[in-house]
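Q: Can you read through this structure? Questions will come right after.
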Amino acid sequence: MNRFYPHPVVAREGWRIIGTLAALTLFAYCCTANGSKLALWLLLATLAGAHLFRDRVRNIPMDANALLSPADGRVILVENAHNPYTEQDALKISIRTHFFRAYAIRSPIRGSVQVQPNGKRHTLHLRTDRQQAVTMVQHYGDCYAQTGSLVRGERIGFARFGGRVDVYLPPGSVPAVAIGDSVQASSSILAQLPERAAEAA
């Protein structure tokens with residue numbers, strides 16, 4: 001279902017780029033000889049920028065035990081792995097963000113988060129309301145999450161071109177995606193978290 005999403009349709013991170021392109025378009029049209037053709041190309045670039053940085057409200061699945069995709073992109077890895085941040089076994093799912101899609105990073109769970117910044121990489125230690133622990137690693141981009149509570153679908157960061165998000169889920173999680181699948185932030189379910197963790201909480 002839709003929920004209130006207090007962000008503009010075009011992400012603020014793109015305003016400077018779009019504004020610059022729009023100004024160049026106006027300048028080319030008004031102030032250069034035979035600038036109509038250049039202005040047309042710049043106008044198309046401006047519209048492409050607005051499309052690139054769009055940040056729309058999404059329909060959020062209601063399944064409380066589902067882990068949602070934190071980003072728009074394509075699944076590049078689904079495997080049993082070792083979580084180097086918790087030193088435990090985990091199900092690892094990695095997503096490569098699309099070059100020409102929205103870059104907003106959104107919370108895949110409802111619960112709490114502890115943020116661990118490390119240069120261009122941000123590690124988020126998530127814990128659902130049912131006390132299932134999930135580690136999310138955002139490579140390249142901005143992280144806006146602060147240690148505290150999270151709402152599903154809440155915007156918590158912004159990826160850059162060619163970004164990647166890794167998610168480490170507790171053992172027993174069942175993947176709902178496969179390598180090559182296209183996913184959307186907040187709308188696509190990546191996996192079902194283990195029921196036993198929910199019961200133990």
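Q: Confirm whether ARG54 is on the phi < 0 side of the Ramachandran plot and either in contact (Cβ under 8 Å) with a residue 60 or more places away in the chain or open to solvent by less than 10 Å² (accessible area, probe 1.4 Å) (or both).
A: So ARG54 fails the test.
Q: Residues to consider are ARG130, ARG121, ARG110; find the one that is open to solvent by 20 Å² or more (accessible area, probe 1.4 Å), at pLDDT below 90 and farther than 30 Å from LEU21 by Cα.
A: Just a single option satisfies the conditions, and that option is ARG130.
The values are calculated or read from the model by the stated rules, or taken from the named source; none is laboratory data. In this text the structure is predicted, and so the values were computed from the model without any measurement. Backbone-built Cβ (ideal geometry, glycine too); neighbour counts: all protein chains shown. With ligands, DNA and RNA removed, areas are computed over all heavy atoms of the protein, side chains included. Shrake-Rupley method; radii C 1.70, N 1.55, O 1.52, S 1.80 Å.
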